[in-house]
Structure formats: structure tokens, C-alpha cells
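A short write-up of the structure that comes next.
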Amino acid sequence: MSTTADAVTFSDLSRNPKSVAERAARLGRLRVTHRDAPDFYLTAADREEQRDESLTTASRIFLRS
């Protein structure tokens, strides 16, 4: 679960993209808040790929049961 410490504003991302990207890479996932739009997550690709593999494995196990 994310905490406010794991979030940046969209303005932070616009002003300091390298710093925000480094933080997202370190944390694995970083919430980006936006005043006029829904929040979104900036996620490291390897973390997302691992999540996809885990979901695929879990669904295969579930379907075999």
C-alpha cells in the first residue's frame, strides 16, 4: 500500500522528471497525484513484468483446480 511519502505531484514530475524517475525506480512504484485528473502510478517495468508473471501463474493454478 502506498503512503503519501510514496507520492509526488504532477508538477513535481514536470519540473524534475529525472529525480521522480529515480525515485520511482528505487521504490518500484510511485503515485503521481494530479489536481484536475485521476492519480496514476509510475511503475518500474521489471516490477510490472513480475506482477504480470505472478498473475499468469496464479490464474493457471486456479484454472487447474
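Listed values, structure above:
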item	result
Members of the stretch 19-65 found to be among the polar types (S, T, N, Q) and under 22 Å from residue 5 (Cβ atoms), listed by number	19, 33, 43
Checklist (1) open to solvent by 100 Å² or more (accessible area, probe 1.4 Å); (2) within 18 Å of the chain's Cα centre (by Cα) applied to residue 64, failing item	(2)
Residues (assigned to a helix (DSSP H, G or I) and hydrophobic (A, V, I, L, M, F, W, C)) located in the stretch 22-51	24, 25, 27, 45
Meets criteria (surrounded by 10 or more Cβ atoms within 10 Å (Cβ to Cβ) and among the small types (Gly, Ala, Ser)) for residue 37	no
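The values are calculated or read from the model by the stated rules, or taken from the named source; none is laboratory data. Every value quoted in this text rests on a predicted model; they were computed, and no experiment measured them. In this analysis, Cβ positions are derived from the backbone assuming ideal geometry, glycine residues included, and neighbour counts consider all displayed protein chains. Only protein heavy atoms, including side chains, enter the accessible area calculation; ligands, DNA and RNA are left aside. Shrake-Rupley method; radii C 1.70, N 1.55, O 1.52, S 1.80 Å.
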